[in-house]
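Below is one structure; the comments refer to it alone.
The values are calculated or read from the model by the stated rules, or taken from the named source; none is laboratory data. Since the structure is predicted, the reported quantities are computational estimates derived from the model, not experimental observations. Positions of Cβ are generated from backbone atoms using ideal geometry, with glycine treated the same way; all protein chains shown enter the neighbour counts. Just so you know, the surface numbers come from the protein's heavy atoms only, side chains and all, with ligands and any DNA or RNA stripped out. Shrake-Rupley method; radii C 1.70, N 1.55, O 1.52, S 1.80 Å.
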Amino acid sequence: DDTGQVSCVGIDDDVAAQSVVQFLAARGRQRIALINHDLRYRYARLRQQGYTRQLKEQHLTWQAIACASELSFSAGKAAMEQLLAEETVPDAVFVVSDTLAAGAMTAIQQAGLRIPDDIAVVGFDGSELAGMVSPPLTTLAQPSKEIGRRACELVLQKIMRPDAPSQCVIMSGELVVRGSS
């Protein structure tokens, strides 16, 4: 909140997105696409900002962004199909949620392409789903339990002391590398 009245807990989505692009570029990926969600959401804007910033930092000029209509498997599949229909297809895709990434992986495999040989895939969240797909999904895991615990502490603090200043707690995500990259 711009007024500073509301506390927040989360990760730095910009930095997290940059780390994913940096990871993929370090593995020789040159055409890294992004499957994003609705830019009305702050996390989506920040992840896209980090994606484009790190492409520039890595001197990668190729860019493709597909926007998923919702955070669902089918929307991820449709967004990946859109990227695969382009003249030049990506050799990696950064997907802003693990659920979208599962759909993207299905689209890649249905197109006869191999993960990660033809297209590497990295998701975001660190959900249980990431370990259940084949190949297992590399994901930027958020410390969800810790975020929830800290958020509860801030709410209780505000209840006990309504005049307490608001706080914004930023935590680090962790890249969990699995078979999809």
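Key figures for this structure:
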{"read-out": "Test result for VAL6, outside any helix (DSSP H, G or I), touching a residue at least 40 places away in the same chain (Cβ under 8 Å), open to solvent by 10 Å² or more (accessible area, probe 1.4 Å) and closer than 30 Å to CYS168 by Cβ", "value": "yes"}
{"read-out": "Flag if ILE11 is surrounded by 18 or more Cβ atoms within 10 Å (Cβ to Cβ), under 19 Å from ALA101 (Cα atoms) and of a type in the set (Val, Ile, Thr)", "value": "no"}
{"read-out": "Qualifying positions in segment 137-166 - surrounded by 15 or more Cβ atoms within 10 Å (Cβ to Cβ) and assigned to a loop (DSSP other than H, G, I, E, B)", "value": "LEU137, GLN142, PRO143"}
